[in-house]
Amino acid sequence: MIKKWILTVCVLAAVFSTKAFPDAKPASVFCDHMVLQQKSNVPIWGWALPQEKITILPSWQQQEISTIADANGNWKVEIPTPAAGGPHSINIKGNNEITISDILIGEVWICSGQSNMQVSMGWLGTERSRTDISRANNDKIRIFDIKQRYSIFEENDCIGSWNTWLPATSDNIQWFSAVGYYFGKRLQEELNVPIGLISSHWGGTEAECWMDLDTIKNFERLKNTANIITGVRDNNEDPDVAFAQMINDWLKKIEDEDQGIKDKWFDKDFNDSDWQQINQPAWWGNSPLKGVHGSVWFRKEINLEKNPPRNLEINLGQIDDIDSVWINNHYISTTIGYNVKRTYKIPYGYLNKGRNIIAVRVIDTGGDGGFIGESKDMKIATASEELVNLAGEWKYKTSNPKTDWHEPRFTKISQNFPTALFNGMIAPLIPFKFAGVIWYQGEGNVVFPIEYRTLFPAMIQNWRNRWGQGDFPFYYVQIAPWAYGDSCFSQALREAQMMTLSLPNTGMAVTMDIGEEKDIHPRNKHDVGDRLARWALNKHYGKTDVIFSGPLYKEIKIEGAKIRIFFDYTANGLMVKGSELTEFTIAGEDKKFTPAKAMIDGNSVVVSSPDVAKPIAVRFGWSNCAAPNLYNSALLPASSFRTDDWPLN
């Protein structure tokens, strides 16, 4: 039945072909005012004419280092760096000569993730951030921002937002990652060495966007995407054709399973007298369809008093996620994508004087779904005149629940396309030498929290393998509480992040106490950066007096009608902010959790409820918007946790 669809495919980034440069040039990250990692063999690379001799002379040594560009014009050398200090310079000489000046040697960190890492100092708008911006004037902190770019191919060079690295002045840091700046500021104050910060981030993106092709192939949900990338790269396929074939195959699978297609629920004369009524537009979560995933059909009868004019369009507003439209038995089109307004041309003759039936099949593939636009956007109209408003009463019937579909989440290359940001914003940095990575991401993966248990560690290992610098420090932020909605379970994503601590040389900054229910971007970025810096100072730089973590769940002991919970990282003891502990629930064998009373007893917490005589499990902060108040003596908050391993729905 499905013969066509609306599909816009836009591929940014043609192949970054390796080509010879008439003048020798280094990669873009090597420029004035940069910071290089101290006491290391630092790779420096670039491009020149094939077989051109390249000579590098750092100012801190007398001996030149030479290499010959290969047949494609690529060259790379490694230079040993001294202890922290500067300023220095590096002279690069081929057929031309370049001098990189005002170089500091110190500690370099990469700051990456999605919007909470991207949020700039200037955006925060808090009294503290305004004060910190006004006081910023530290030439020993240098910043370099990677310009946002996505690609289906691994790019050779990045694009900097500025032509050089910049010092941390009031004018400069207002445009830089707030988390990154506060992290670097604490490091510089504690270590008293130059700090280099490279930011590479993009808001609203998933972890798989920051992974390479070989890594995403290991995840079932991403295999269709991996096949498209492979086809484009290896077989020189047209991306438009590849996407179209994937979508055709998937829609055919849906047709085979859809009772509405089999029984022709789109037919003008189909008897829908037993269907339920519903007002549109409406999110399913705010209607009788709450919790429904899969295919739901909607029908609406309209009556026209006269023959309709030509050049009509049907507008349905935004629909989450996929819609197919019929008018009087005639198939119109299909659109994929929750953020696309639906506008379809109606061929002349499809609408008639008198009774007409509009049928819309909506497929929700996860989270909430439905007609999610505004009432004014639902209409049949010409360019100048509205003929019929379609908001209001419709009939509906569920066709089939969500099956094991591996839906095509992507119909074009974008920043949300798996591998796209690794290709455009991470691969160009390899093999730049650095001390470690700080990471703030996870909100984009709350729909797949169980998968994140393996996806996130795979991403970390992917970066480590590709860089070849061993298990470098990778410190990340556990996502803060926020009102994600009933269909998302951010507490399960936080659990996945805590489980990732099993990877060597990782650390997690807990933010349970700084979430904002109505803002997914908490303004308190100072404490986030500070908590990341604590991990680095203690674990990487050996400052063992710095307390680096709040309480993390360790184990339980059942004591009759009570459960005693033990924690790691209690510092000099546990404490509560407020009169009593909150956000503890307890359950028995029936697995029904009820609010519990919790009391601190030394370095443990004892939990009980008069409604649960024989408890076996406790959960803490186990909701999207939890606001718990358990801390250690360093005022670092405890992570949410559960003591059970019962399957999560």
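Please return the ranges of strands (runs of 3 or more DSSP E) entirely within the range 33-76 where 3 or more residues are within 39 Å of the chain's Cα centre (by Cα).
Working: elements: 35-37, 41-47, 53-58, 65-68.
The strands (runs of 3 or more DSSP E) meeting that bar are 35-37, 41-47.
Scanning the range 309-327 for residues that are under 21 Å from Ile261 (Cα atoms) and β-branched (Val, Ile, Thr), which turns out surrounded by the fewest Cβ atoms within 10 Å (Cβ to Cβ)?
Per the criteria, the residue is Val325.
Please determine whether any residue of the range 605-612 is touching a residue at least 60 places away in the same chain (Cβ under 8 Å) and either of a type in the set (Ser, Thr, Tyr) or in the same structural domain as Ser487 (by TED's automatic domain parsing) (or both). Walk me through how you get there before you give the answer.
Here is the first cut: in the range 605-612, the ones touching a residue at least 60 places away in the same chain (Cβ under 8 Å) are none.
Taking every residue of the range 605-612 in turn, none turns out to be touching a residue at least 60 places away in the same chain (Cβ under 8 Å) and either of a type in the set (Ser, Thr, Tyr) or in the same structural domain as Ser487 (by TED's automatic domain parsing) (or both).
Quick check on the range 395-414. Is at least one of its residues assigned to a loop (DSSP other than H, G, I, E, B), within 15 Å of Pro281 (Cα to Cα), at pLDDT 90 or above and out of contact with any Asp or Glu (no Cβ under 8 Å at 6 or more places or on another chain)? If you could, list the steps in order and put the result at the bottom.
Filtering the range 395-414 down to residues assigned to a loop (DSSP other than H, G, I, E, B) leaves 402-414.
Cutting the leftovers down to within 15 Å of Pro281 (Cα to Cα) gives us none.
Checked against the condition, which is being assigned to a loop (DSSP other than H, G, I, E, B), within 15 Å of Pro281 (Cα to Cα), at pLDDT 90 or above and out of contact with any Asp or Glu (no Cβ under 8 Å at 6 or more places or on another chain), the range 395-414 yields no hits at all.
Checking Ser487 against (1) more than 18 Å from Ser200 (Cβ to Cβ); (2) assigned to a helix (DSSP H, G or I), which test does it fail?
(2)
Starting from residues that are of a type in the set (S, T, N, Q) and in a loop (DSSP other than H, G, I, E, B), keep the ones in the range 184-213 and report whichever is surrounded by the most Cβ atoms within 10 Å (Cβ to Cβ).
Applying the first criterion (of a type in the set (S, T, N, Q)) to the range 184-213 yields 188, 192, 199-200, 205.
Going one step further and asking which of them are in a loop (DSSP other than H, G, I, E, B), we end up with 192, 205.
Values: Asn192: 10, Thr205: 25.
The residue in question is Thr205.
Determine which member of the set Leu104, Leu166 is among the hydrophobic types (A, V, I, L, M, F, W, C), in contact with a Pro (Cβ under 6 Å, 6 or more places away or on another chain) and over 17 Å from Gly529 (Cβ atoms).
Values: Leu166 fails: in contact with a Pro (Cβ under 6 Å, 6 or more places away or on another chain).
Sole residue among the options that is among the hydrophobic types (A, V, I, L, M, F, W, C), in contact with a Pro (Cβ under 6 Å, 6 or more places away or on another chain) and over 17 Å from Gly529 (Cβ atoms): Leu104.
Residue check, Pro610 against (1) more than 17 Å from Lys554 (Cα to Cα); (2) surrounded by 14 or more Cβ atoms within 10 Å (Cβ to Cβ), all met but one. Which one?
(2)
If the requirement is being surrounded by 17 or more Cβ atoms within 10 Å (Cβ to Cβ), free of Cβ contacts under 8 Å to residues at least 60 places away in the same chain and on the phi < 0 side of the Ramachandran plot, which of these qualifies: Thr544, Thr506, Thr511? Spell out the reasoning first.
Numbers: Thr544 fails: surrounded by 17 or more Cβ atoms within 10 Å (Cβ to Cβ); Thr511 fails: free of Cβ contacts under 8 Å to residues at least 60 places away in the same chain.
Result: Thr506 is the single residue among Thr544, Thr506, Thr511 that is surrounded by 17 or more Cβ atoms within 10 Å (Cβ to Cβ), free of Cβ contacts under 8 Å to residues at least 60 places away in the same chain and on the phi < 0 side of the Ramachandran plot.
What strands (runs of 3 or more DSSP E), lying completely within the range 536-649, carry at least 3 residues that are β-branched (Val, Ile, Thr)?
604-608
If I filter the range 419-437 for residues that are within 19 Å of Arg531 (Cβ to Cβ) and crowded, with 24+ Cβ neighbours inside 10 Å, do I get at least one hit? Working first, answer last.
Of the residues in the range 419-437, the ones within 19 Å of Arg531 (Cβ to Cβ) are 435-437.
Now drop any that are not crowded, with 24+ Cβ neighbours inside 10 Å, which leaves none.
No, because not a single residue in the range 419-437 is within 19 Å of Arg531 (Cβ to Cβ) and crowded, with 24+ Cβ neighbours inside 10 Å.
Has the range 469-478 got any residue that is surrounded by fewer than 22 Cβ atoms within 10 Å (Cβ to Cβ), among the acidic types (Asp, Glu), under 17 Å from the mean Cα position of the chain (by Cα) and at pLDDT 95 or above? Walk me through how you get there before you give the answer.
So in the range 469-478, the residues surrounded by fewer than 22 Cβ atoms within 10 Å (Cβ to Cβ) come out as 469-473.
Then keep just the ones that are among the acidic types (Asp, Glu); that gives 471.
Filter once more, keeping what is under 17 Å from the mean Cα position of the chain (by Cα): none.
The answer is no, given that none of the residues of the range 469-478 is surrounded by fewer than 22 Cβ atoms within 10 Å (Cβ to Cβ), among the acidic types (Asp, Glu), under 17 Å from the mean Cα position of the chain (by Cα) and at pLDDT 95 or above.
Does any residue of the range 574-583 turn out to be farther than 30 Å from Arg464 by Cβ, in contact (Cβ under 8 Å) with a residue 40 or more places away in the chain and among the small types (Gly, Ala, Ser)?
First, the residues of the range 574-583 that are farther than 30 Å from Arg464 by Cβ: 574-583.
Applying the additional criterion that residues be in contact (Cβ under 8 Å) with a residue 40 or more places away in the chain yields 574-578, 581-583.
Next cut, among the small types (Gly, Ala, Ser) only: 578.
Checked the range 574-583: at least one residue is farther than 30 Å from Arg464 by Cβ, in contact (Cβ under 8 Å) with a residue 40 or more places away in the chain and among the small types (Gly, Ala, Ser).
So if I check each of Ile380, Ile363, which one is buried (at least 19 other Cβ atoms within 10 Å of the Cβ) and within 22 Å of Gly260 (Cα to Cα)? Outline the logic, then answer.
Working: Ile380 fails: within 22 Å of Gly260 (Cα to Cα).
Going through Ile380, Ile363 in turn, just one is buried (at least 19 other Cβ atoms within 10 Å of the Cβ) and within 22 Å of Gly260 (Cα to Cα): Ile363.
Given the conditions (1) farther than 19 Å from Gly180 by Cβ; (2) out of contact with any Lys or Arg (no Cβ under 9 Å at 6 or more places or on another chain); (3) part of a strand (DSSP E or B), report the number of the one that Ile92 does not fulfil.
Going through the list (1) farther than 19 Å from Gly180 by Cβ; (2) out of contact with any Lys or Arg (no Cβ under 9 Å at 6 or more places or on another chain); (3) part of a strand (DSSP E or B), Ile92 breaks only (2).
The values are calculated or read from the model by the stated rules, or taken from the named source; none is laboratory data. Note that the coordinates shown come from a computational prediction; the quantities given were computed from them, not determined experimentally. Quick reminder, even Gly has a Cβ in these numbers, built from the backbone with ideal geometry, and neighbours come from all protein chains shown.
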